[in-house]
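Trainee: I am attaching a structure below and will ask some questions about it afterwards.
The values are calculated or read from the model by the stated rules, or taken from the named source; none is laboratory data. Small disclaimer: the values here were computed from a predicted structure and weren't measured. All Cβ positions, even for glycine, are placed from backbone atoms using ideal geometry, and neighbour counts span all protein chains on display.
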Amino acid sequence: MATCKKCHAVHEEVWNCSDDLWAIISGHHDGSGIWCMKCFEKEARKKGVALYWECKAWQFPSSRF
């Protein structure tokens, strides 16, 4: 579980994205920070970025992007 640093809600979901995408959306260029999927998607839409979510069980998401 993690607490989103944007909305401050506690979430059970675990997700990740490339450091490049994180920097574009969050503005954190050092890879720091934790945002929930909802806050990340909302900020991405504001910046004109369409996201593709990939779901897997018992594995970390792929590094395709």
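Trainee: Report yes if VAL10 is in contact with a strand residue (DSSP E or B) (Cβ under 6 Å, 6 or more places away or on another chain), modelled with pLDDT of 90 or more and not aromatic (Phe, Trp, Tyr), otherwise no.
Mentor: Numbers: in contact with a strand residue (DSSP E or B) (Cβ under 6 Å, 6 or more places away or on another chain): yes; modelled with pLDDT of 90 or more: yes; not aromatic (Phe, Trp, Tyr): yes.
Yes; evaluated as a whole, the condition is true for this residue.
Trainee: Moving to a separate point now. Among the residues of the range 1-19, how many are in contact (Cβ under 8 Å) with a residue 24 or more places away in the chain and either part of a loop (DSSP other than H, G, I, E, B) or among the hydrophobic types (A, V, I, L, M, F, W, C) (or both)? Quick ask: steps written out before the conclusion?
Mentor: Just the residues of the range 1-19 that are in contact (Cβ under 8 Å) with a residue 24 or more places away in the chain, to begin with: 2-7, 9, 11, 13, 15-18.
From the residues that got through so far, the ones that are either part of a loop (DSSP other than H, G, I, E, B) or among the hydrophobic types (A, V, I, L, M, F, W, C) (or both) too are 2, 4-7, 9, 13, 15-18.
Count: 11.
Trainee: Assigned to a loop (DSSP other than H, G, I, E, B) and either modelled with pLDDT of 90 or more or surrounded by 10 or more Cβ atoms within 10 Å (Cβ to Cβ) (or both): does that describe TRP22? Spell out how you get there, then give the answer.
Mentor: Working: assigned to a loop (DSSP other than H, G, I, E, B): no; either modelled with pLDDT of 90 or more or surrounded by 10 or more Cβ atoms within 10 Å (Cβ to Cβ) (or both): yes.
Judged against the criteria, TRP22 is not a match.
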